[in-house]
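Notes for the one structure printed next.
The values are calculated or read from the model by the stated rules, or taken from the named source; none is laboratory data. Just so you know, these numbers come straight off a predicted model, no measurement behind them. FYI the Cβ positions are ideal-geometry reconstructions off the backbone, even for glycines, and counts take in every protein chain you see. Just so you know, the surface numbers come from the protein's heavy atoms only, side chains and all, with ligands and any DNA or RNA stripped out. Shrake-Rupley method; radii C 1.70, N 1.55, O 1.52, S 1.80 Å.
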Amino acid sequence: MHFKPKHFILFIFFLCIEVGIALFSKNQFIRGFLGDFLVIPLLYFFVKSFIRIKGSNLSFYILIIAIFTEVLQLLEIQKHFQIENPYVKIIMGTTFDFKDLIAYFLGFLLILFFDKSSPTMLKKRSRIY
């Protein structure tokens, strides 16, 4: 385990945006789509702050977790287990929406772009060519 301040600062940045969206936005596109889009980089940078893992692997795992969470919403797991904790409801979400899956996938692509354009990747590419 290690700590990367740069990744943690990016996590805090995305967290502030997400909290701002949750508290102040009434716009359906911003709340529903942009919030879900940004949750992928938020989780990516949080995990990357503490664990050494290849970026493309981590982004894939986070995408799978996001899709799994959406499937749990489709199956209405909260109702079946009578989950009443408001924090758990916020984290799990309550309503399945196919657009959420699109938002997660686009967030995944954004992370792949960040991973490919990082300075270390550029150095590796320059040695290859």
If packing is taken as the average count of other Cβ atoms within 10 Å, what order do 33-40, 46-53 fall into, highest mean first?
33-40, 46-53
Value of [θ]222 nm, deg cm²/dmol, for the chain, DSSP H segments ≥ 4, -39500 (n - 2.57) each, nearest 500:
-24000 deg cm²/dmol
The size of the Cβ-based charge dipole (Lys, Arg +1; Asp, Glu -1) of the chain about the Cα centre, to the nearest 20 debye, is 900 debye
As a Kirkwood estimate from alpha-carbon pairs, the stretch 46-91 has a hydrodynamic radius in angstrom of 12.4 Å
Could you pull out every one of the aspartates and glutamates with an alpha carbon less than 12 Å from that of Lys89, ignoring same-chain neighbours closer than 8 positions?
Glu76
Report Rg (one decimal) and Dmax (nearest whole number) for the chain, counting Cα atoms only, units Å.
16.3, 57
Å² per residue, accessible surface of the chain at 1.4 Å
70 Å²
Once you have all Cα-Cα distances for the stretch 1-68, histogram them in 5 Å bins from zero and send the whole-percent values.
4, 18, 24, 22, 18, 9, 5, 1
May I ask you to order 8-19, 90-101, 71-82 by the average number of other C-beta atoms within 10 Å around their residues, highest value first?
8-19, 90-101, 71-82
